[in-house]
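Notes follow once the structure below has been shown.
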Amino acid sequence: MFGFLKGKITVQLQGHEYRPGDTITGNALLKLKKPRSGQLHVKLYAQDHVRSRRGGNNNREVRTAYEFSQPISEEKEFTAQEITVPISITIPTDVHSGKLDGGLGAVVQTAQLLTQTSSQRKWFVQVRFKTSGFDITKKTQINVI
């Protein structure tokens, strides 16, 4: 809680448009107000933002469609200076496997039109500094085409 009072993270990626199988690279810049012991993690995740209209009611729902996290540093003491840590995480090759093509895809699209349902997938890269008492996080949106 109130991680912004303890420090901040900046995420710098080499690009913002990727394809399945690509490796996302860049840097995480960690700036703490005081030295702290902790660990940095990078997470790649996708959320489906679903909007539907039933019986005159508008409904919104966010579903996690994919999530993978890995450490990018060991548990150690971080100084109050700005620290640069490299980021590298690979997008799986089967991220679009949930899409239906052909006749079945057309049936699903028709059902979505009739129920007035729409869905949009958004991809994010998040860097988290985990320490006792609080976490500092920063996410940036990317496009997976």
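The values are calculated or read from the model by the stated rules, or taken from the named source; none is laboratory data. Keep in mind it's a predicted model, so treat the numbers as computed, not measured. Ideal geometry is used to build each Cβ from the backbone, glycine not excepted, and the neighbour counts take in all protein chains shown.
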G21 passes all but one of the listed conditions (1) part of a loop (DSSP other than H, G, I, E, B); (2) closer than 17 Å to V85 by Cα; the exception is number (2)
In the stretch 23-60, anything more than 30 Å from F78 (Cα to Cα) and either small (G, A, S) or surrounded by 11 or more Cβ atoms within 10 Å (Cβ to Cβ) (or both) is listed as Q47, D48, H49, V50, R51, S52, R53, G55, G56, N59
Within the stretch 72-116, residues being farther than 22 Å from S52 by Cβ, hydroxyl-bearing (S, T, Y) and at pLDDT below 90 number 1
